[in-house]
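The structure appears right after this line, and notes come after that.
The values are calculated or read from the model by the stated rules, or taken from the named source; none is laboratory data. Nothing here was measured: the structure is a model prediction, and the numbers come from that model. Cβ atoms come from the backbone with ideal geometry, glycine included; neighbour counts cover every protein chain shown.
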Amino acid sequence: MTELQTAISDYSFHCRHERNLSAKTLKFYGIDLRQFDDFLLAGGYQCQIKLIDKTALKRFLESLSEMKPKTIKRKMATIKAFFNHLEFEDKIIVNPFRKLRIKIKEPQVLPTVMTKKEIRKIFGAVYTNRKKKQNKSEYSDFESIRNIAVIELLFSTGIRVSELSFLKTENIDLQAGFVKVNGKGSRERVIHICQQETLSVLKEYSRLVKSQFAEAGGYFFINRNRHRLSDQSIRTIVRKLATAAGINKRITPHIFRHSLATLLLEEDVDIRYIQQILGHSTIMTTQIYAHVHSQKQLSIMKNKHPRKNWRMVPEREVSVNKG
């Protein structure tokens, strides 16, 4: 094991046990640091951490040029955090990032959203599927009610797919009507569920699989093998339902989150409350939804613009000019 690999191993231990980072973050840190190590080995660079300089970092950045800006930004942030740790631990005297300015501009891509009509179509598809599969078999019955519960919770709370997958029974109170979500950066938030139909479905699903929760490790959403329902399985459920509903565009669980935020904005909900519901660390992230849907802007400009009731030209003159 090289000196760099030992340092990476020590840093991974620090991230896992001292910083208590999430499994997903640890996974990406591992991928990025291994890629950096492989690049240095393949390029003939010295793998002694004190000899890694700005030139090596610039060459690594260059090697990432074909990737998406967001991916490049994440990878460089991982490497920078690693060297900051080495400097803090006095493993290196000079941090090679100290005088290296990297500016990676991400294009602002507006999130895809569904209309109310499209959301109703997906709800229609999942409830219709429930009627078709009812009483066919024990598993069909379980699967159909679980899929309804998944869709209901995605839309009622705007929860992330990973948050939904890792949701545990201890964090759901269906009597009081709320879920406690452990989000990004280990930030906990409580989201209320106020729709009775949603609560009824969740209660029915809970009663159906209550005896299996312990075997499934306490996870709320499980598969036929009594394991946690994975992120990918949830994406597959959503994709199949969108197809069954006759929706041509690509629909993912995250689009339910985007759609809820946009529709709440259209109902004049304060953006700060939407920020809390979605669990964004900064309101700047939430503000992107203000640019998504033009219908609300059209309504505001038409009905609330201060110029609306000004009559500068007599109505008769306007009629004459039109003629």
What are the residues in region 122-137 that are in a helix (DSSP H, G or I) and over 23 Å from the mean Cα position of the chain (by Cα), if any? G124, A125, Y127, T128, N129, R130, K131, K132, K133
Hits in region 72-88 (condition: of a type in the set (D, E, K, R) and without any contact (Cβ under 8 Å) to a residue 24 or more places away in the chain): K80, E87
Of the residues in region 183-202, those that are surrounded by 14 or more Cβ atoms within 10 Å (Cβ to Cβ) and not in a helix (DSSP H, G or I) come to G183, R189, I191, I193
Can you go through R235, R226 and tell me which one is charged (D, E, K, R), assigned by TED's automatic domain parsing to the domain that holds I288, part of a loop (DSSP other than H, G, I, E, B) and surrounded by 13 or more Cβ atoms within 10 Å (Cβ to Cβ)? R226
Where a residue in region 212-237 is closer than 23 Å to I251 by Cα and free of Cβ contacts under 8 Å to residues at least 12 places away in the same chain and its partner, wherever it lies, is assigned to a loop (DSSP other than H, G, I, E, B) and of a type in the set (G, A, S), with Cβ under 8 Å and at least six apart: N223/S230
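So that you can scan it fast, the table gives a plain yes or no per residue for (1) within 30 Å of E170 (Cβ to Cβ); (2) β-branched (V, I, T); (3) modelled with pLDDT under 95:
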{"residue": "R235", "(1), (2), (3)": "yes, no, no"}
{"residue": "A244", "(1), (2), (3)": "no, no, no"}
{"residue": "I251", "(1), (2), (3)": "no, yes, no"}
{"residue": "V269", "(1), (2), (3)": "yes, yes, yes"}
{"residue": "R272", "(1), (2), (3)": "yes, no, yes"}
{"residue": "G279", "(1), (2), (3)": "yes, no, yes"}
{"residue": "Q297", "(1), (2), (3)": "no, no, yes"}
{"residue": "H305", "(1), (2), (3)": "no, no, yes"}
{"residue": "K322", "(1), (2), (3)": "no, no, yes"}
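Taking region 238-284 as the search range and keeping residues that are of a type outside the set (S, T, Y) and touching a Gly at 6+ places or on another chain (Cβ under 8 Å), which one is surrounded by the most Cβ atoms within 10 Å (Cβ to Cβ)?
Only one residue tops the list, namely F256.
Within region 22-55, how many residues turn out to be in contact (Cβ under 8 Å) with a residue 40 or more places away in the chain, under 33 Å from the mean Cα position of the chain (by Cα) and farther than 14 Å from F82 by Cα?
Qualifying residue count for the region: 2.
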Matching residues in region 195-219 - criterion: being under 20 Å from Y127 (Cα atoms) and not charged (D, E, K, R): Q195, Q196, T198, L199, S200, V201, L202, Y205, S206, L208, V209
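Conditions (1) assigned by TED's automatic domain parsing to the domain that holds E170; (2) closer than 30 Å to E138 by Cβ, marked per residue:
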site: T243; (1), (2): yes, yes
site: R250; (1), (2): yes, no
site: T262; (1), (2): yes, no
site: T282; (1), (2): yes, no
site: N309; (1), (2): no, no
site: M312; (1), (2): no, no
Against the definition (at pLDDT 95 or above and either touching a His at 6+ places or on another chain (Cβ under 6 Å) or part of a helix (DSSP H, G or I) (or both)), how does L208 come out, yes or no? no
S12 vs (1) among the small types (G, A, S); (2) free of Cβ contacts under 8 Å to residues at least 12 places away in the same chain; (3) buried (at least 16 other Cβ atoms within 10 Å of the Cβ): all pass except (2)
Looking only at residues in region 4-43 that are under 22 Å from E163 (Cα atoms) and outside any helix (DSSP H, G or I), which one is modelled with the lowest pLDDT? S22
Flag for S22 being surrounded by 13 or more Cβ atoms within 10 Å (Cβ to Cβ) and touching a Gly at 6+ places or on another chain (Cβ under 7 Å): no
